[in-house]
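Values in this text are rule-based calculations from the coordinates and carry no lab data. Predicted model only: the values in this text are computed from it and were never measured. Because the Cβ atoms are built from the backbone with ideal geometry, glycine has one as well, and the counts that use them run over all protein chains shown.
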Amino acid sequence: MKGKTSFYLLTDTHYVSKRNWVDGKPFTMRERGDQIALKTSPEILEAFLEKVLADKDTDTVIFTGDNVNNGDMNSHEDFRARLAQLVQAGKKVYVTTATHDYCGMGDDENFFSSCVYTETGSEPTPSMRKAELFDYYYDYGPKQALSVHRESGSYIVQLGEGVRMVLINDNGNGRSHCGLFEDGVAWLTKQIKAAKDSGNYVLLAVHHPVIAPWETYRHLVEFELYGGYRELSKLMCETGVRVVFTGHTHVQNIRKYTDEAGRWFLDVSTTAAVSAKGKMRFVTVDADAGVCDVQSVGIERLPGVDTGGLSAYDYLYGLNFAGRVEKFFPLLKTDFDRFLDETDGVLPAEKLRGHKTLAKLGLRFAASRKLSFAAKLGKSWRSLTPEQKKQAKETGLFDVLFVIFRHIYPGNAPYTPDTLEYMVLHALTQRADRFVEKHKIEKVQKLIPPGSSLTEIAEDFLYNNRTGDDDAIRFSLN
Ligand SMILES: [Fe+2]
Ligand SMILES: [Fe+2]
């Protein structure tokens with residue numbers, strides 16, 4: 001009997017030290033322009049760790065990079081101090097690092113520079129260098145490892161009886177090579193073989209995705225994927241490694257890759273802990289049955305944060321990105337100037353102010369469109385039943401789009417093929433595809449992966465056409 005082994009996995013905690021900012025426009029605008037919560041990143045981490053600490057049966061916690069947001073020492077000090085407390089509480093902590101965890105030396109493409117935000121601007125603050133990360137986090141992984149690949153900082157640990165995990169450190173600078181070089185690949189191959197030969201299942205964890213969340217992501221920003229993802233996919237298929245846990249995209253997503261011989265593996269991508277609907281994974285491996293069970297755990301409250309009566313999710317969702325536009329959308333009709341103020345940093349407020357009358361009319365026109373407008377445009381109107389027509393006339397087009405946006409990061413998109421929203425938007429994108437094809441609109445064609453279409457791209461965002469549930473999966477390790 002080998003028994004069961006469980007662990008928690010958090011990624012993209014993007015921790016920002018409270019010493020790095022004072023309340024004021026500079027940091028508020030910095031956060032608004034982002035897609036994650038920065039000011040409350042310490043409280044979010046705290047809320048997750050409360051749950052981890054409350055679970056006395058699970059002793060392992062894994063962090064897979066972008067642990068801090070801007071490669072500054074203040075945040076690393078706070079973050080590492082929190083890891084030390086976890087260890088004191090009896091937890092085993094394994095950490096890898098990624099692009100946001102260090103600052104470039106000016107001779108590479110890592111563009112992060114660490115700073116402290118003041119009331120009026122920002123000032124530089126000491127930075128972490130890439131070469132220092134291994135020693136800095138040595139106690140949280142490499143020290144407990146069965147083997148370490150020093151060049152990359154990758155290592156392998158015994159998670160429990162019959163199960164090992166390779167934590168690949170791929171903190172390349174994102175726009176060049178992030179991933180293992182030849183020597184690292186040889187080390188990884190050797191570790192997988194040794195683990196299997198000694199009766200262990202092998203799990204992998206790495207920051208960058210091995211399977212893109214959507215094909216269009218791979219097409220447009222392939223450099224964001226794990227460098228050598230094809231090679232790693234081949235290795236996983238050949239050696240029967242069934243799962244790699246990833247982060248970086250901030251997207252909650254479970255995807256399956258199957259090669260020509262029918263061999264497969266899963267990429268379990270976990271959303272950023274500091275996303276509005278941040279989650280961590282709770283994974284259990286039953287080494288006797290050869291089964292891996294992946295669940296997801298979110299937080300319900302933000303201890304110490306005044307959310308103005310809102311749930312943690314609603315509060316965080318309204319901070320930035322699409323959530324901020326949605327939150328202040330009603331102002332479009334009543335107070336256009338305030339709408340521009342509140343969405344400054346998300347929408348191009350300056351440009352919109354420059355063409356204010358046109359912007360106001362255009363946005364108000366778009367905002368008042370109903371789903372029926374999209375149905376007529378996409379020529380699906382006639383095929384709708386009277387009830388569907390009624391529903392389409394009553395449903396705001398932007399309300400539907402906002403719901404779609406709400407699911408981009410937390411996954412499990414909402415509109416399955418049997419829904420009115422799907423039918424209407426699917427028909428609309430099909431019509432757009434015909435239009436783009438007929439008029440050879442190169443600017444749009446460039447965005448579409450070869451052999452794909454706008455319709456296929458849209459499908460990825462309309463419903464979960466992947467493994468059925470981005471939050472949970474149970475699979476065989478054999
Ligand atoms: Fe990240
Ligand atoms: Fe990242």
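Here are the numbers for the structure shown:
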| quantity | calculated |
| --- | --- |
| 0 to 90° range, to nearest 10: angle between helix 41-54 axis and the chain longest Cα axis | 50 degrees |
| With Cα atoms, 0 to 90° folded angle of helix 420-439 axis to the chain main axis | 80 degrees |
| Per-residue Cβ neighbour rank within 10 angstrom, fewest leading, K143, K92 | K143, K92 |
| Interchain or long-range residues, amide H under 5 Å from V116's placed H | E123, T125 |
| Relative exposure of H439, H407, H100, H207, judged by other C-beta atoms within 10 Å (fewest first) | H439, H407, H100, H207 |
| Label point distance in nm, I441-K393, each placed 7 Å from Cα along Cα→Cβ | 2.9 nm |
| Degrees between helix 356-367 axis and first principal axis of the chain (Cα, 0 to 90, nearest 10) | 80 degrees |
| Shape category assigned to region 129-221 from the gyration tensor of Cα positions, a/c cut at 1.5 | oblate |
| For region 201-210, Karplus couplings with θ = phi - 60° (6.51, -1.76, 1.60), whole Hz, Gly/Pro x | 7, 10, 10, 10, 9, 7, 5, 7, x, 9 |
| Radius, Kirkwood style, for region 369-467 when every pair of distinct Cα atoms is counted (Å) | 14.1 Å |
| Nitroxide proxy distance, nm - points 7 Å out along Cα→Cβ at T258 and M29 | 5.1 nm |
| Inter-label distance for N478 and T357, nm, one decimal - labels placed 7 Å from Cα along Cα-to-Cβ | 7.5 nm |
| Sites E222 and A54 - FRET efficiency at Förster radius 45 Å, r taken between beta-carbons, to 0.05 | 0.65 |
| Lysine-lysine proximity count for region 369-467, Cα under 13 Å, sequence distance 8 or more or distinct chains | 6 |
| Alpha-carbon centroid distance for the pair region 417-432 / region 254-284, whole angstrom | 27 Å |
| Environment charge at K2 (Cβ cut-off 11 Å; Lys +1, Arg +1, Asp -1, Glu -1) | -2 |
| Proximal charge balance of D170 [Cβ under 13 Å; K/R count +1, D/E count -1] | -4 |
| Region 179-200 versus region 374-395: alpha-carbon centroid distance in Å | 56 Å |
| More than 18 angstrom apart: percent of Cα pairs within region 241-393 | 74 percent |
| In order through region 19-31: 3J(HN,Hα) via Karplus (6.51 cos²θ - 1.76 cosθ + 1.60), integer Hz, x for Gly, Pro | 6, 9, 7, 10, 5, x, 4, x, 7, 4, 5, 4, 6 |
| Where a label projected 7 Å from the Cα of A289 along Cα→Cβ would reach, residues of region 3-25 with amide N under 17 Å | 3-7 |
| Mean ellipticity per residue at 222 nm, deg cm²/dmol - from DSSP H runs of n ≥ 4 across the chain, formula -39500 (n - 2.57) | -10500 deg cm²/dmol |
| Distribution of pairwise C-alpha distances over the chain, 20 Å bins, in % | 22, 54, 23, 1 |
| Beta bridges by DSSP in the chain, antiparallel share as percent, to the nearest 5 | 60 percent |
| Rel. contact order, % - alpha carbon contacts under 8 angstrom, at least six apart, region 369-411 | 51 percent |
| Cleavage-rule hits (GluC sites (Glu not before Pro)) in region 299-394: DSSP loop, at most 12 neighbouring Cβ within 10 angstrom | E300 |
| Ranked I192, I168, I473, criterion: other C-beta atoms within 10 Å, fewest first | I473, I192, I168 |
| Per-pair calculated FRET efficiency, R0 = 51 Å: R338 and Q88 via Cβ, rounded to 0.05 | 0.55 |
| Region 314-328 - phi-based ³J(HN,Hα) in whole Hz, Karplus 6.51/-1.76/1.60, Gly and Pro as x | 4, 4, 5, 5, x, 6, 7, 6, 4, x, 6, 4, 4, 4, 9 |
| Of every Cα-Cα pair in region 320-368, the percent that sits beyond 16 Å | 29 percent |
| Chymotrypsin sites (Phe, Trp or Tyr not before Pro) restricted to DSSP loop in region 194-284 with at most 12 other C-beta within 10 Å | none |
